[in-house]
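Please read the structure below before turning to the comments.
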Amino acid sequence: MRATRPLEQALRLTGSRPTAGPTPTYICLSCRARAAPPSSHRQLHTTVPRAADVPLYQRLKESLFGTKESVAAAKSREEKQAQRFTDLAERPRTSTDADDNEVARPLETKTDKHGRRYEIADIVDPAARSDYVQATTWQGLETVGSVEWVKKRADTGDVYAGFAPPDRSARLRGAQWEMLLRHVVVEAVVLRKAGRSAEQICWPREGSDSWSLTRGALLEYSSVGGLVATFSEAGAEKRLRNAIPKKLPEVQATQTPEDSGDQLREAIALAPPERPGNATPAWMAMPLQDPGLKLAIIKRILQITGRRLPDPVISKSPTLAHLYHALLAKPKPKRLAQTPQLKRLNINIPNATVHAGRQTPIHKDKEVGRWKVIENELINRGLPVTGSRYQGARIGVY
Amino acid sequence: MPLQALRTVAKPQNGVGAFILQCKRLDFHYCDWAGSSRGMKYAAKHRQPPHLSMQTLYLLISSRSTSSFLKHNLSAFAAANPSIEISVSPRPGKHPVIRGSYVNGREKAICVRNLEPTEVVKKAEILKSANGEKLRIERKVVKSLNESVRGVWSPFHGREYRI
């Protein structure tokens, strides 16, 4: 310890060295403790250093009746409170609004250091107001600090609104997917021919007969000319072009689930019979090298069916045929019981049974025929059939 | 009068006249989410060789380590054992287990967590070929229902021994 060095030096300087033998360097613990600074002392002091000058009777008097400063502060607080009461009493209770109607006086508002505005509650002096009745319960009073109060004031953050409609594509067959893809591609081809962006097929439009117009179109693909759409009806191409909006509306209307369902029904109506094998029509050989066109087609399909293709599938689809096969592919079953192997097991093997859900003791009792007896007896005795009677118990779940 | 033979009732021995398989039910439990059920469930699909009996087919399939048991091996196992009731059901959040129920009313379970399909097959075979008796160490090597042929020794019957 550093404090021992001056102590050692002091001892040395006093000359208290024995005549014989070497200079003693050992210092006992009590001398070291005394030489150490007071902050390192581990003794418990019951007396506060600053009160050591104040006599005991003075300290007792202050603890019982308060110091002069505390008494003066309390007195000034009471005076300020009384002054506030008189100010409030003098202020008018009501004020007039713009129509000269009497309205209750608005509460005083202040702004805190963080910039938040808050209202100061009105002070009611019971002595001044005879109609004031102090509440005996908290029914009907404003509660502050409850969970609901916090949630009401809390910032909910950004509200997320989903953009994709529910996926309705599970029931579509190959021919129906082909019809839908054909309709979207015809619209995109028509716009590209007119020099417009393919993205416009995804813009919201109100009520059009574009479905019937695209059905009458003939798609032909050639490696030289690309994909071309020819219409048998005169003026159909122009009507289709005009049906697709040129400008994005300022207030974008969100597509309701009913709209996407109606569009899907329109798309798959009058679908041709299924093609044998995996054969695809010739126009599906159109390459999708233009990313804008590819994404416009995928987005339009998403808007109508709610079907989202994974990014790796999109990037690995060079032609329309690849997109078509990706849309046709059924998603992998999420549960083992839904796989075709186990479904076949359930059907073909008579001694094997596959259950999709967890088998509980109640299921075992039902197989044996014991459960109905147990259930009747529990009901007769007024006992819960499943679970217990705690709040939030799930009823009817095994 | 000649000695009358003792009339004894024939003692039933499973397998002497008829054989009754002691395992009557096998329950296969798995979890769709947990990785320990992989050997029971997931696999790369493979082609089944044609023109083979169910037993051989089952053995061949079970020897492929990448195949899952439930998807590819169980159908052959169930077809090869028509007297056993087989049930497949998920048990979410638990390790895969095979539970066998026996004629004597007892049950035996083997946890097949993190096992390959071939190993799962072996465990299923163990349960199938077991009876419901508790596992015990066999101290006596030879077992017989017959009484002692020459009689059990006692100090009271026999030649007196003298040093």
- Within the stretch A:144-152, is there a residue that is acidic (D, E) and in contact (Cβ under 8 Å) with a residue 60 or more places away in the chain? no
- Scanning the stretch A:323-332 for residues that are at pLDDT below 90 and either farther than 18 Å from A:A279 by Cα or open to solvent by 70 Å² or more (accessible area, probe 1.4 Å) (or both) gives A:K330, A:P331, A:K332
- Item | Filtered residue count, the stretch B:69-108, keeping only those that are outside any strand (DSSP E or B), more than 8 Å from chain A (Cβ to nearest Cβ), of a type outside the set (S, T, N, Q) and open to solvent by 10 Å² or more (accessible area, probe 1.4 Å) | 7
- Note on the structure: Subset of the stretch B:107-121, residues farther than 20 Å from B:S83 by Cβ and not hydrophobic (A, V, I, L, M, F, W, C), comes to B:R113, B:N114, B:E116, B:P117, B:T118, B:E119
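Could you check, for the stretch A:370-392, whether at least one of its residues is of a type outside the set (F, W, Y) and in contact with an Asp or Glu (Cβ under 8 Å, 6 or more places away or on another chain)?
So in the stretch A:370-392, the residues of a type outside the set (F, W, Y) come out as A:370, A:372-389, A:391-392.
Now restrict to residues that are in contact with an Asp or Glu (Cβ under 8 Å, 6 or more places away or on another chain): A:374, A:385.
Yes, the stretch A:370-392 contains a residue that is of a type outside the set (F, W, Y) and in contact with an Asp or Glu (Cβ under 8 Å, 6 or more places away or on another chain).
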- Message: Can you tell me which residue is farthest from A:M179 (Cα to Cα) among those in the stretch A:210-245 that are open to solvent by 70 Å² or more (accessible area, probe 1.4 Å) and not in a helix (DSSP H, G or I)?
- Response: A:V224
- Screening A:R205, A:R192 for residues that are out of contact with any Pro (no Cβ under 9 Å at 6 or more places or on another chain), surrounded by fewer than 21 Cβ atoms within 10 Å (Cβ to Cβ) and closer than 24 Å to A:G235 by Cβ leaves only A:R192
- Item | Hits in the stretch A:87-121 - residues which are modelled with pLDDT of 75 or more and charged (D, E, K, R) | A:D87, A:E108, A:K110, A:D112, A:K113, A:R116, A:R117, A:E119
- If we keep only residues of the stretch A:314-355 that are more than 8 Å from every other protein chain (Cβ to nearest Cβ) and among the hydroxyl-bearing types (S, T, Y), then the residue farthest from A:L302 (Cα to Cα) is A:T319
- Item | Counted residues, the stretch A:291-316 - those being assigned to a loop (DSSP other than H, G, I, E, B) and free of Cβ contacts under 8 Å to residues at least 40 places away in the same chain | 3
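Determine whether the stretch A:356-378 contains at least one residue that is in contact with a helix residue (DSSP H, G or I) (Cβ under 7 Å, 6 or more places away or on another chain), within 8 Å of chain B (Cβ to nearest Cβ), open to solvent by less than 90 Å² (accessible area, probe 1.4 Å) and under 30 Å from B:A76 (Cα atoms).
Scanning the stretch A:356-378, I find at least one residue that is in contact with a helix residue (DSSP H, G or I) (Cβ under 7 Å, 6 or more places away or on another chain), within 8 Å of chain B (Cβ to nearest Cβ), open to solvent by less than 90 Å² (accessible area, probe 1.4 Å) and under 30 Å from B:A76 (Cα atoms), so the answer is yes.
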- Query: Which of the residues spanning the stretch B:112-130 are over 15 Å from the mean Cα position of the chain (by Cα) and either free of Cβ contacts under 8 Å to residues at least 40 places away in the same chain or open to solvent by less than 70 Å² (accessible area, probe 1.4 Å) (or both)?
  - Reply: B:V112, B:L115, B:P117, B:T118
- Among all residue pairs at least 6 apart or on different chains, which show Cβ distances below 8 Å where the first residue, located in the stretch B:6-26, is at pLDDT below 90 and the second is surrounded by fewer than 10 Cβ atoms within 10 Å (Cβ to Cβ)? B:K11/B:L145; B:Q13/B:L145
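Results for (1) hydrophobic (A, V, I, L, M, F, W, C); (2) in contact with a Gly (Cβ under 8 Å, 6 or more places away or on another chain), shown as yes or no for each residue.
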residue	(1), (2)
B:A80	yes, no
B:S87	no, no
B:P96	no, yes
B:C111	yes, no
B:E116	no, yes
- Among the residues of the stretch A:138-165, write down those that are of a type outside the set (F, W, Y) and surrounded by 11 or more Cβ atoms within 10 Å (Cβ to Cβ). A:A164, A:P165
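The values are calculated or read from the model by the stated rules, or taken from the named source; none is laboratory data. Bear in mind that the values here come from a model prediction, so they are computed numbers and not experimental data. Ideal geometry is used to build each Cβ from the backbone, glycine not excepted, and the neighbour counts take in all protein chains shown. Remember, those area values only see protein heavy atoms, side chains included, never the ligands or the DNA or RNA. Shrake-Rupley method; radii C 1.70, N 1.55, O 1.52, S 1.80 Å.
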